[in-house]
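Engineer: Before anything else, here's the structure in question.
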Amino acid sequence: MAGGDLYCPRCDERVGVLREWGGWKWCWRVWIAGAVVMLAATPFLAYDFCVMIPCMMLYLVAGSSLRMLAKQRPVCRRCSLELTEGTFSGEPLRSRKA
């Protein structure tokens, strides 16, 4: 997804960035809440070994890819450098060396 301008130290100028969907962080928080609920309900869910335990395992495995998506940083469109949110486009540019 496209989104805003940030300063890229490799390109040494303001560049457009590619961002992932912003809702992944919200989804990660919902996933954590679901894992806490499953942990509290484990004694009740453990009765059904054929369905509930494999579903719980799949839920926990899916969390690793969800965490990866939630932690992704914006990427420079030109050089593919991961940028930090602290370098906004309003910052002064460094002079280029001749």
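Just so you know, all these numbers are worked out from the coordinates, no wet-lab data involved. Given the structure is predicted, the values throughout are model-derived calculations rather than measurements. Neighbour counts are summed over all protein chains in view; Cβ atoms, including those assigned to glycine, are modelled from backbone coordinates with ideal geometry.
Engineer: How large are Rg and Dmax for the range 23-71 when only the alpha carbon atoms are used, in Å?
Structural biologist: Looking at the range 23-71, its Cα Rg and Dmax stand at 11.8, 35 Å.
Engineer: Something else: Counting other beta carbons within 10 Å of each residue's own, what order do Leu6, Leu58, Leu69 fall into, fewest first?
Structural biologist: On the way: Leu6 22, Leu58 9, Leu69 14.
Listed from fewest to most nearby Cβ atoms, that is Leu58, Leu69, Leu6.
Engineer: Next question. Contour minus end-to-end for Cys79 and Val36, with contour as 0.36 nm per residue of separation and end-to-end as the Cα-Cα distance? Kindly include the intermediate steps, with their values, before the conclusion.
Structural biologist: Working: separation 43, 0.36 × 43 = 15.48 nm, distance 4.02 nm.
Full-extension gain reported as 11.5 nm.
Engineer: For the pair Arg19 and Ile53, what calculated FRET efficiency results from E = 1/(1 + (r/R0)^6), where r is the Cβ-Cβ distance and R0 = 30 Å, to the nearest 0.05? Walk me through the intermediate numbers first.
Structural biologist: Values: r = 37 Å, r/R0 = 1.23.
Working from the Cβ atoms, E equals 0.20.
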